[in-house]
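Before any comments, here is the structure.
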Amino acid sequence: MGEFFHAVKVFGDQLADVGWFAVAIALALQLAKLVVRSIAWRNILQASYPATPVPRRPVLGAYLAGVGVNSIIPGRAGDLVKIYLVHRRVEGTTYTTLASTLVTETLLDFVLALAIFLWALTQGVLPSLHVLPSLHSFDWTWLIARTKTGAIVFAALTTAIIVGIWWASRHVENFKQRVGRGFWILRDWRRYAREVASWQLLSWVLRIGSLYFFLKAFHVHASIHNALLAQVVDSLSTLLPFSPGGVGTKQGLLVYVLDGQASSSRLLAFSVGQYVAVTAFNVLVGAIAVYAMLRTLRIREILGRAKASQESEEGTAS
């Protein structure tokens, strides 16, 4: 945590040197990435409901709204908002199927993230296990102290998921069909490659391009190689629970992985600046989308509506 707050201070000290034109390009690429990903999701939805027209604009609005909510509220609340908004606009959709389409949307992401991680391993830039404890941003005492608690929580969540699936399979007659519908596009690999994978590959190109211009904005050596490494660090700091929420982990990893590409202060400024800019931008476009579709920005009210709608559908189905 201390490393993160130090990075915030460094970011503030170097704010005057930021290349704002490069930041604007990076954020434009971020917006393009979100639009492209919404197209891929819309195509998955259309394959799941072939007899029902799935309009593009409501899906785009729902996707932007979900990304914005996920940026400020933990627990993937934004995914519920995405599903709720599409459920309101596309007649005949069910929460079970919509949820499974989100799983379909992330399949290629997992493969690509793994591929980039394996590439980073071949470059010899990631810290080895004996180096990790020396990185001050890694709070190993937090991890060790909570190993038992984490195991209990994981076991409880796993049990809850199993019980939930069992309950649904007993109370919802077509539960399996509804879940399977969200994966229908995978039955036609050519269509999946053309309508989903191609757009998702483009979204990754836009993501790497955005990181490239963020590197440029904070005067870190900008190259595709370094942008890919920054993406690896971003993925690792999110997935690996070395510290709560990845706070501090990203800063320590970036300084290590991009060592020699700029001073430590510039690397820290890049890490915090990129995170703040993308988060603020996602919240802004998400708020615009939410207000355009629901005429309110009260997140609690929106989540309440979404949960009530989902519970109502489940009650009707049972």
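The values are calculated or read from the model by the stated rules, or taken from the named source; none is laboratory data. From a predicted model like this one, the values you see are computed outputs, not experimental measurements. We place every Cβ from the backbone using ideal geometry, glycine too, and count neighbours over all the protein chains shown.
Identify all residues within segment 206-232 that are touching a Lys or Arg at 6+ places or on another chain (Cβ under 6 Å) and in a helix (DSSP H, G or I); write none if there are none.
Listed by number, the residues that qualify are 206, 207.
Output the number of residues of segment 278-318 satisfying the condition of being of a type in the set (Val, Ile, Thr), at pLDDT below 95 and in a helix (DSSP H, G or I).
So the count comes out to 5.
Looking at 26, 47, which is the one that is more than 24 Å from residue 177 (Cβ to Cβ), in contact (Cβ under 8 Å) with a residue 40 or more places away in the chain and buried (at least 20 other Cβ atoms within 10 Å of the Cβ)?
26
Just checking, which of 87, 130, 136 is of a type outside the set (Gly, Ala, Ser), crowded, with 19+ Cβ neighbours inside 10 Å and either modelled with pLDDT under 95 or assigned to a helix (DSSP H, G or I) (or both)?
Only one candidate passes the filter, namely 87.
Checking residue 32 against (1) at negative phi; (2) assigned to a loop (DSSP other than H, G, I, E, B), which test does it fail?
All conditions pass for residue 32, except number (2).
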